[in-house]
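Below you'll find the structure, written out as structure tokens, and then a few comments.
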């Protein structure tokens, strides 16, 4: 595999790391339907360490739900002392409506707390016994210096408040410093016009746990100041090229995170009064960013603290049976609505009959696969029709693709509304969702909890093993392989646009003349620029052309970053704001030819 090409193929995405090594009492369990021998779902604050045997979709889904429950448990009071982050408070109840503190995963470090734009990680101490300062209170330190030079406009790298005197409350644990789906698309919910943040825009964050932080801090890999980070990445690329697999987990010389590493990505938005009163959404204090429009700090990012609702949660967990990580994605039950605001799916994920024949996107997206015989236009999604949209989303989800230059744009411009998923949630996942909701209902009844948001969240899917497909084809299921919804795993508010719903391979690099027919570097391809097949996951001597979350993160594996885009990107220069150019800069930084 071409090493230079690998270095130019970094793709973002995101997500989370850590295991709580405690055995804690369970309150109530429920078995999945039609699976008397299957493990039960337990309402427990213990994060599972691996998928139960046999390794299959059902057991992977059970594992995903156990993670979700444990990571959404109330956290112990955060004092800044040793071992306070990442720890559940076993005296608290799961989903207790009277609890207003952070949940366990909230206390994981945000990506900028591990990979700061300026200096060492906040609170860092060179002491493994103190977890290298992991438990310090949250601080978000970006690149210092002028905005024109990529900084945030302050000498310390700390962002200014959007308005003076600014919030005086404690720094929120939820730091929404991403405003797009990896720079490709901006997401919105409902009929509100495209307006300054927050509006109905969906904002994102990425976090990782103590396990990832300790590994990075022990090797001082949070930036390139010492040169050992880039050396480790280069060594890892060579190792994967030679052996077609990852180095041993926890290696100090190569980038290979220890088992128990968890990364996560979460999607949030401002709720309407009706949504707040429904009590179907988990809400908490967040921080997001806007561009200061006037005055002495004009053009600089400014932070705003507010209350948002959680609409999606990705959990990526490296385990012994899944060294390529288990990728589980959850969403709020009412994310996908029709034009009148009616749910398109049941709370468990079953598509309702009126919507079964609807086109997934409005307008209908028509795309074309390329083949290996067509190296000059190697994009798997080669072109789109229509190129422009005048759709009125009404109460549906909708997205707007990041524009590219020069014209014509390769992806549909204008609002694209979501009628349903491109690939429906599979029956096995729907069955596990029913079992999980039953377990939560039994627990709530036992504990006297009358109002909890967690029955209104569902598992969309989980990827737990790589799979190969013929390049240049649309995967429709092959013997021994997953169903298309699992192969192309995508969350409706995290990977919404058509390209991300059908992702496989890699993002199309910019091509040099005579192949540069248009700027198509926000489309995807199953091939390398020379027309040979591309493999994005390497495991036990075999390369795989994988789709969905695992396929996307596989680009970070072969780039020497062990499936982690937050590691691959490294220091975070600035938060993304309501400036539309932010998304475009992000996309080109991650995917364009360098």
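The values are calculated or read from the model by the stated rules, or taken from the named source; none is laboratory data. Everything numeric in this text was worked out from a predicted model, so none of it was measured. In this analysis, Cβ positions are derived from the backbone assuming ideal geometry, glycine residues included, and neighbour counts consider all displayed protein chains.
Below is a table of values for the structure above.
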| quantity | calculated |
| --- | --- |
| Residues being out of contact with any helix residue (DSSP H, G or I) (no Cβ under 9 Å at 6 or more places or on another chain) and outside any strand (DSSP E or B) - total across the stretch 276-286 | 2 |
| Candidates 94, 63, 68 - the one that is crowded, with 23+ Cβ neighbours inside 10 Å and part of a helix (DSSP H, G or I) | 63 |
| Test: residue in the stretch 118-126 that is free of Cβ contacts under 8 Å to residues at least 24 places away in the same chain, in a helix (DSSP H, G or I), over 17 Å from residue 219 (Cβ atoms) and more than 20 Å from the chain's Cα centre (by Cα) | no |
| Any pair with Cβ under 6 angstrom, 6 or more apart, that starts in the stretch 540-552 at a residue that is over 14 Å from residue 506 (Cα atoms) and ends at one that is at pLDDT below 95 | none |
| Residue identified as surrounded by 16 or more Cβ atoms within 10 Å (Cβ to Cβ), touching a helix residue (DSSP H, G or I) at 6+ places or on another chain (Cβ under 9 Å) and more than 24 Å from residue 265 (Cβ to Cβ) among 78, 58 | 58 |
| Single condition residue 248 does not satisfy, out of (1) closer than 20 Å to residue 131 by Cβ; (2) free of Cβ contacts under 8 Å to residues at least 12 places away in the same chain | (1) |
| First in the stretch 297-325 and on the phi > 0 side of the Ramachandran plot and touching a residue at least 40 places away in the same chain (Cβ under 8 Å), second anywhere and buried (at least 21 other Cβ atoms within 10 Å of the Cβ) and not in a strand (DSSP E or B), Cβ under 6 Å, 6 or more apart | 325/563 |
| The stretch 326-344, subset in contact with a helix residue (DSSP H, G or I) (Cβ under 8 Å, 6 or more places away or on another chain) and in a strand (DSSP E or B), residue nearest to residue 433 (Cα to Cα) | 330 |
| Residue 347 being at pLDDT 95 or above and crowded, with 20+ Cβ neighbours inside 10 Å | no |
| Residue list for the stretch 137-156, restricted to those being surrounded by fewer than 19 Cβ atoms within 10 Å (Cβ to Cβ) and closer than 14 Å to residue 109 by Cα | 137, 139 |
| Residue in the stretch 258-269 that is within 30 Å of residue 127 (Cα to Cα) and over 18 Å from the mean Cα position of the chain (by Cα) present | yes |
| Residue match in the stretch 540-548 (condition: assigned to a loop (DSSP other than H, G, I, E, B), buried (at least 24 other Cβ atoms within 10 Å of the Cβ) and at pLDDT 95 or above) | yes |
| Hits in the stretch 187-202 - residues which are closer than 21 Å to residue 302 by Cβ, surrounded by fewer than 24 Cβ atoms within 10 Å (Cβ to Cβ) and in contact (Cβ under 8 Å) with a residue 40 or more places away in the chain | 194, 196, 197, 198, 199, 200, 201 |
| Residue within the stretch 168-176 that is more than 21 Å from the chain's Cα centre (by Cα), outside any helix (DSSP H, G or I) and more than 28 Å from residue 451 (Cα to Cα) present | yes |
| Answer from 160, 205 - the residue that is at negative phi, touching a residue at least 24 places away in the same chain (Cβ under 8 Å), touching a helix residue (DSSP H, G or I) at 6+ places or on another chain (Cβ under 9 Å) and surrounded by 14 or more Cβ atoms within 10 Å (Cβ to Cβ) | 205 |
| Pairs where the first residue, in the stretch 258-275, is assigned to a strand (DSSP E or B) and the second is at pLDDT 95 or above and surrounded by fewer than 17 Cβ atoms within 10 Å (Cβ to Cβ), C-beta under 8 Å, 6+ apart | none |
| Filter result for the condition that a residue is at pLDDT below 90, in a loop (DSSP other than H, G, I, E, B) and surrounded by fewer than 24 Cβ atoms within 10 Å (Cβ to Cβ), over 573, 514 | 514 |
| Residue check, residue 291 more than 30 Å from residue 555 (Cα to Cα), in contact with a helix residue (DSSP H, G or I) (Cβ under 9 Å, 6 or more places away or on another chain) and modelled with pLDDT of 95 or more | no |
| Which listed residue, of 249, 225, 217, is farther than 24 Å from residue 535 by Cα and surrounded by 15 or more Cβ atoms within 10 Å (Cβ to Cβ) | 217 |
